[in-house]
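S.K.: I have a structure I would like to understand better, so I am pasting it below and will then ask my questions one at a time.
The values are calculated or read from the model by the stated rules, or taken from the named source; none is laboratory data. Just so it is clear, the structure is predicted and the values come from calculations on it, not from any experiment. All Cβ positions, even for glycine, are placed from backbone atoms using ideal geometry, and neighbour counts span all protein chains on display. Keep in mind that these areas ignore ligands, DNA and RNA; they rest on the heavy atoms of the full protein, side chains included. Shrake-Rupley method; radii C 1.70, N 1.55, O 1.52, S 1.80 Å.
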Amino acid sequence: MKAVVIYGSPRQKKSASYHVGDNFARGLKRAGVQVEEIMLIKHKIKHCLGCYTCWTKTPGKCIQRDDMDVILPKVMEADLIVIATPLYIFQATGLVKDFLDRIIPMAEPYLVELDGTTTHPMRGTTKRRKIFLISVAGFPERSHFDGLVLSFKRFAGPKGYVGDILIPASEMMSKDGFQREYTELYKDIEQAGFEVAKNGAISEETKKAIVEKTTYTEEQVSKFRHVANKYWKSLQPKEYSQVQLSEVDAVPLKMSDKGMGAFFAGMATMYNPNAILGLKAVVQFNLDDDSFHLIINETECQAYEGAHEEPTTTIISPANVWMDVSMGKLDGAQSLMKGLYKVEGDMTILMKMNKIFRRK
Ligand SMILES: Cc1cc2nc3c(=O)[nH]c(=O)nc-3n(C[C@H](O)[C@H](O)[C@H](O)COP(=O)(O)O)c2cc1C
């Protein structure tokens with residue numbers, strides 16, 4: 001048996017779909033299949049011109065000269081075609097689509113009935129090639145693959161589609177540092193390749209193992225969105241104007257409040273909007289067991305009790321140390337160096353603290 005594995009991610013080997021395809025190919029090879037692996041991005045494959053010359057003047061041969069001259073014979077020899085593609089706008093990547101459009105010389109122009117539907121006969125062979133689909137997606141729900149699966153089922157014909165492996169929420173799978181997390185899943189995928197080679201399909205047991213590891217409950221999906229948003233946010237350029245100030249239902253602290261509440265309300269009144277023009281930031285103070293935060297929205301500043309979800313800067317300090325720093329009894333920079341308090345997030349705000357909050 002011969003198989004071609006077509007990799008459709010522009011990320012080449014540093015891609016989730018490559019890792020899935022590669023492990024599947026290992027299983028095929030373990031079962032004795034001769035596997036040809038084709039990384040599409042490394043090849044020059046022009047768009048199909050739609051001229052049908054391959055169906056008319058030069059039957060079976062495209063008029064364009066590029067790497068399809070080498071790839072097409074390999075695909076024609078194969079009994080199994082494995083397509084490994086990330087989901088791009090609910091479909092295969094453009095690389096995969098260009099490749100698929102360019103395999104039409106393999107077919108004849110005539111229309112025949114096969115398994116109850118119209119198709120083109122394969123040129124020079126009665127061999128019915130099998131198609132196996134591998135796809136990975138950024139979104140966490142399996143339903144995002146519906147359109148892709150449907151289109152590949154039509155492409156393969158009712159008896160040609162031998163199965164699929166669909167991995168939602170796959171972004172981390174492309175990262176080198178996360179490969180260990182997927183060890184067990186990769187073993188199942190390798191086993192799936194072995195079973196497709198031996199039995200023509202993945203066993204129920206292996207299918208279940210893969211699906212269970214890659215299906216998420218509503219609660220997990222919601223958590224996934226939250227973590228994914230934090231990840232993307234952490235990669236944004238740190239422009240103050242882009243800081244998201246979440247809706248605050250809480251009532252701002254007032255000078256007439258008791259204890260630390262009054263202290264932070266007082267600090268908010270000392271805000272100087274000219275220190276950093278257009279500043280949008282959340283400055284949080286985790287003092288002993290209490291948290292307070294100041295929301296700065298350009299010209300305004302309000303203090304709140306409690307922790308904010310995404311502070312720009314967080315000062316973690318024993319309450320007495322921070323009090324002494326703010327009263328000028330302790331030097332802020334030296335105390336930080338001595339480890340009397342810690343800062344997380346944007347340090348600029350801490351460095352400019354004396355300018356941002358000024359005694360009037
Ligand atoms: C242009 C583009 C379109 C995408 N469209 C979708 C999409 O429709 N649905 C989805 O769940 N993820 C989508 N993604 C996310 C990828 O499927 C996801 O990042 C995947 O892990 C990439 O796989 P790879 O590492 O094999 O390239 C898209 C990514 C890009 C760059």
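S.K.: Any idea which residue in the stretch 122-175 is nearest to Tyr7 (Cα to Cα), counting only those that are surrounded by 15 or more Cβ atoms within 10 Å (Cβ to Cβ) and polar (S, T, N, Q)?
M.R.: The qualifying residue nearest to Tyr7 (Cα to Cα) is Ser135.
S.K.: I'm told Glu204 meets every condition in (1) farther than 14 Å from Ile167 by Cα; (2) within 26 Å of the chain's Cα centre (by Cα); (3) open to solvent by 40 Å² or more (accessible area, probe 1.4 Å) except one. Can you identify the failing condition by its number?
M.R.: Result: Glu204 fails condition (2) only.
S.K.: Collect the residues in the stretch 212-230 that are without any contact (Cβ under 8 Å) to a residue 40 or more places away in the chain and of a type outside the set (D, E, K, R), keeping them in residue-number order.
M.R.: Answer for the stretch 212-230, where residues must be without any contact (Cβ under 8 Å) to a residue 40 or more places away in the chain and of a type outside the set (D, E, K, R): Thr217, Ser222, His226, Val227, Asn229.
S.K.: On to the next question. Against the definition (of a type in the set (Val, Ile, Thr) and within 12 Å of the ligand (Cβ to nearest atom)), how does Ile167 come out, yes or no?
M.R.: Working: of a type in the set (Val, Ile, Thr): yes; within 12 Å of the ligand (Cβ to nearest atom): yes.
Yes; evaluated as a whole, the condition is true for this residue.
S.K.: If I ask for residues that are within 15 Å of the ligand (Cβ to nearest atom), crowded, with 24+ Cβ neighbours inside 10 Å and either of a type outside the set (Gly, Ala, Ser) or not assigned by TED's automatic domain parsing to the domain that holds Ile134 (or both), which ones from the stretch 20-54 would you list?
M.R.: Answer for the stretch 20-54, where residues must be within 15 Å of the ligand (Cβ to nearest atom), crowded, with 24+ Cβ neighbours inside 10 Å and either of a type outside the set (Gly, Ala, Ser) or not assigned by TED's automatic domain parsing to the domain that holds Ile134 (or both): Val20, Phe24.
S.K.: At least 3 residues that are exposed (fewer than 14 other Cβ atoms within 10 Å of the Cβ) in each: list the helices (runs of 4 or more DSSP H) lying fully within the stretch 262-360 that qualify.
M.R.: 332-337
S.K.: Let me ask you something else. Can you name the number of the only condition in (1) modelled with pLDDT of 95 or more; (2) charged (D, E, K, R); (3) within 16 Å of the ligand (Cβ to nearest atom) that Lys175 fails?
M.R.: Checking Lys175 against (1) modelled with pLDDT of 95 or more; (2) charged (D, E, K, R); (3) within 16 Å of the ligand (Cβ to nearest atom), the one that fails is (1).
S.K.: Being outside any helix (DSSP H, G or I) and on the phi < 0 side of the Ramachandran plot is the filter here, so list the residues in the stretch 176-221 that pass it.
M.R.: To start, the set of residues in the stretch 176-221 that are outside any helix (DSSP H, G or I) comprises 200-203, 214-217.
Selection gives Ala201, Ile202, Ser203, Thr214, Thr215, Tyr216, Thr217.
Rundown of residues vs (1) touching a residue at least 12 places away in the same chain (Cβ under 8 Å); (2) more than 16 Å from the ligand (Cβ to nearest atom), yes/no style:
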| residue | (1), (2) |
| --- | --- |
| Ile63 | yes, yes |
| Ile71 | yes, yes |
| Ala78 | yes, yes |
| Ala84 | yes, no |
| Arg129 | yes, yes |
| Phe145 | yes, no |
| Lys153 | no, yes |
